C-alpha cells in the first residue's frame, strides 16, 4: 500500500483504532518509529507523512512529519464511453482502469446492453479507493451515465469508435475519447449513427470481451 485514505489526514496527531489498526499494525506489522503516508479525501493532492509514536494493544498514535503537494496521475487524459455490461464484469476491471490512469468513464445504455443493470457508483468508488491506495494514484475516476449512444455522441462528437472494421490505429496520441460497445457490439442503427466517426480495431485476430477491450485500449492509449 502506497498511502492510506483517512479523512483526518493533515491533523498533527492521528489516532488509529479498529480495522485500520488491525491492518496497519497486525497485518502490515508497522512498529514504533515507522513512517506511513496518508491522504484525505477532501484534499487528495496533499501527501502527509506520519511517524508511529506510540502503540498499545488496540490503538496507535501517529505524529505528523510533513505535508506536501504531491499528485500522482496519468500524463495523458482518456475518457471512455462504455456501453453498459454486467456490473460484476465492470467491477473486475475498475482497479486496472484506475491503475492505467483512465480519467473518466461514461456508462451508456446502448441497444444491446443488458437490461435492468444497476450501476452502484458508491461501490465503484470504494473499489477505486482501494486501487488508488495500492497504486499511489491521487485522483478519482469520474463516472457518469448517458441514455443512448446518440446522446453520448452529441456531447462528444470527436469520439473514436472501437468496432469491427479493417482499420487499426497506428497513432493513439490524439485519442482523447473512445467509445466501446457491449457484448455483441453496436446495433445496425447505432452503426449508421457512428458511420461518420473514426473507427478502429486492435491488431488481434481474437474477438475480445467488452471488459478485455476496455483494458487493452486504455493501455494502448495511455502507455
Inset, instruction - Counting only C-alpha contacts under 8 Å and six or more residues apart, can you give the relative contact order of the chain as a whole percent? - result: 20
Inset, instruction - Treating the angle as unsigned and between 0 and 90°, give the value, to the nearest 10°, between the Cα long axis of helix 87-100 and the longest Cα principal axis of the chain. - result: 70
Inset, instruction - Identify which of 131, 173, 89 has the largest mean-square fluctuation in a Gaussian network model of the chain, with springs joining Cα atoms closer than 10 Å. - result: 173
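Run lengths n ≥ 4 of DSSP H only: what is the helix-derived mean residue ellipticity at 222 nm for the chain, with -39500 (n - 2.57) per run over all residues, to the nearest 500? Don't skip to the end; give the middle numbers.
Details: 6 runs with 60 residues, N = 223.
When only DSSP H runs of four or more count, the value is -8000 deg cm²/dmol.
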Inset, instruction - Return the single residue from 33, 181, 81 with maximal mean-square fluctuation; model: Gaussian network over the chain, springs between Cα atoms under 10 Å. - result: 33
Legend entry - Gain on full stretching of the segment that runs from residue 56 to residue 201 - 0.36 nm per residue minus C-alpha separation: 46.4 nm
Inset, instruction - Match the structure shown to one of the listed values (i) 73, 35, 24; (ii) 59, 32, 28; (iii) 66, 36, 32 of Cα extents along the principal axes in Å, computed from it, and give that label. - result: (iii)
Legend entry - Mean Cα-pair separation over length for segment 4-69, i.e. relative contact order, pairs under 8 Å, 6 or more apart, %: 38
Legend entry - Residue exposure sequence - 122, 103 - by fewest surrounding Cβ within 10 Å: 122, 103
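Averaging sequence separations of C-alpha pairs under 8 Å and six or more residues apart, then dividing by the length of segment 108-207, give the relative contact order as a whole percent.
Result for segment 108-207 is 35 percent.
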Legend entry - Crossing angle, helix 210-222 versus the chain [Cα axis fit, 0-90 degrees, rounded to tens]: 70
Legend entry - Neighbour-count order for 132, 206, 1, fewest beta carbons within 10 angstrom listed first: 206, 1, 132
Inset, instruction - Take the chain, connect every pair of alpha-carbon atoms lying under 10 Å apart with a spring to form a Gaussian network, then pick out the residue of 145, 54, 204 with the largest mean-square fluctuation. - result: 204
Inset, instruction - Compute the acute angle (0 to 90°) between the alpha-carbon long axis of helix 121-135 and the principal axis of greatest extent of the alpha-carbon atoms of the chain; round to the nearest 10°. - result: 60
Legend entry - the chain: antiparallel DSSP beta bridges as a percent of all, rounded to 5: 45
Legend entry - Rg/Rg_globular for segment 1-113, with Rg_globular taken as 2.2 N^0.38 Å and Rg from C-alpha atoms: 1.39
Legend entry - Calculated SAXS-style log₁₀ I(q)/I(0) at q = 0.17, 0.19, 0.20, 0.27 Å⁻¹ - segment 4-69, Debye, Cα scatterers: -0.52, -0.64, -0.71, -1.22
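Every read-out reported here was derived from the displayed coordinates using simple, explicitly stated rules and does not represent laboratory data. The model shown is predicted, which means the values in this text are computed figures rather than measured ones. Note that each Cβ is placed from the backbone with ideal geometry, even for glycine, and that neighbours are counted across all protein chains shown.
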